[in-house]
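The values are calculated or read from the model by the stated rules, or taken from the named source; none is laboratory data. Everything numeric here is computed off the predicted structure, so don't read it as measured data. Note that we place each Cβ from the backbone using ideal geometry, even for glycine, and neighbour counts take in every protein chain shown. Quick note on the areas: whole protein, heavy atoms, side chains included, nothing else; ligands and nucleic acids left out. Shrake-Rupley method; radii C 1.70, N 1.55, O 1.52, S 1.80 Å.
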Amino acid sequence: MKNITKIGLFLLCTFLVASCEKNEIEYMAEDVSTTTAQFQIFYMIPISTGSSNYINKIELNGELLSTDASPLKINSYLPTSVGKYYTTQAGASKLTFYKGSDLDLVYDVNVDLPAGKSTIIIYNFDEAPLIIDAEVPYPTYTTDGTGDYTNIRFYNLMYESEGVPTDLTLQYQFQYIVDNETGDRSEWANLGEPVAFGEATSWSKADVNKRIEISSGYGYIYYRLRVIGDDGSDQGNLILKNAYGNMVEYSDYWTGYIGYARHHIFVGYRNDSPTYRARVRQITAL
C-alpha cells in the first residue's frame, strides 16, 4: 500500500509539473513606460491669487482636460489628488489655458511630453513651460525606529523683478530641532544641489525629530538660501524684500511630516512689490 501511495504522489507531481510547463499563464497587458506621458500641471506665476486669474478651462490637443468645476488656481496644481497624473501619448502636444469667468485665451503652447512621470510648470504666460522629471518613485531610507525624515525638492523660480528672471544660483539648506526640550538645532546642511533659475534639485532627505513621541511623526524644519558664485563659492545668505518692504536675509520654517514628499517652489520677486515677494510655496507630492 505504501508503494502504491508513493507511485500515486509521483504521478500527481509529474502531472502538475507538466501542466505548468504546457500552460503558461499570460496577462493581456501593455508596457506603457515608453509610450505614455504622465504629468501634473503646476501654475506658478507671481500674480494675484484671486478668481479672475483661475484657469477655468484647459485643453490638451483640443480635448477638454479640466473645467471650472476644478479650476487651476495660482500656486496650485492639477490633478488635485496627491499622486495622480494626467496621461496622454508621449510626444508633441498642444496645451491651451483659458482664464477667468470669460474664458480668455492666455496660454497656447506646443510641448514635447516625455514618457514617464513629469512635472509641468507654467511660470510665465509668454514662455514655454518647464518640464521636469518627477523622479518617481521617491527615495526611501532605512531607519532604526519608526522613521525620522521627510523628502523635499526645491525649485528656483525667483525673479529679480517683474519679467527679469534671477541670474543667481541658489543652495537650499535646512536645520532641525535636535532636542525638543532645549530647542537646540542641528548644523545647517544642504538639501540637494545648487540650482539656477528654472531648475530643481533632486529629492533630498530632511531630518525630522518628533515633537510628540507617540504620533505619526512631525517636527519643525528651518530653511535658508545661500547664493553660490560662478566658481562654486558660497556668497552668503540670499537677501530679498520681505512683507514690510525691507531687504532681509531669507529664512523660513515648515512643519516636516515623516515619510512625506513635498515640493518647495521658490517663486516671486526678490526686489519688487511685497505682495508678490519671493517665497516658498509648498505642495505635497506624497
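Observations on the structure shown:
- Here Val208 meets the list (1) touching a Pro at 6+ places or on another chain (Cβ under 8 Å); (2) closer than 18 Å to Ala285 by Cα; (3) β-branched (Val, Ile, Thr) almost entirely, failing just condition (1).
- Within segment 200-241, being in a loop (DSSP other than H, G, I, E, B) and buried (at least 17 other Cβ atoms within 10 Å of the Cβ) holds for Thr201, Trp203, Val208, Asn209, Lys210, Gly217, Leu238.
- Scanning segment 170-192 turns up at least one residue that is open to solvent by 30 Å² or more (accessible area, probe 1.4 Å), at pLDDT 95 or above and of a type in the set (A, V, I, L, M).
- Cβ separations smaller than 7 Å between residues 6+ apart or across chains give the following pairs from segment 123-141 residues that are within 16 Å of Gly83 (Cβ to Cβ) to residues that are among the aromatic types (Phe, Trp, Tyr): Glu135/Trp203; Tyr138/Trp203; Pro139/Trp203.
- Matching residues in segment 242-286 - criterion: being at pLDDT below 95, touching a helix residue (DSSP H, G or I) at 6+ places or on another chain (Cβ under 7 Å) and part of a strand (DSSP E or B): none
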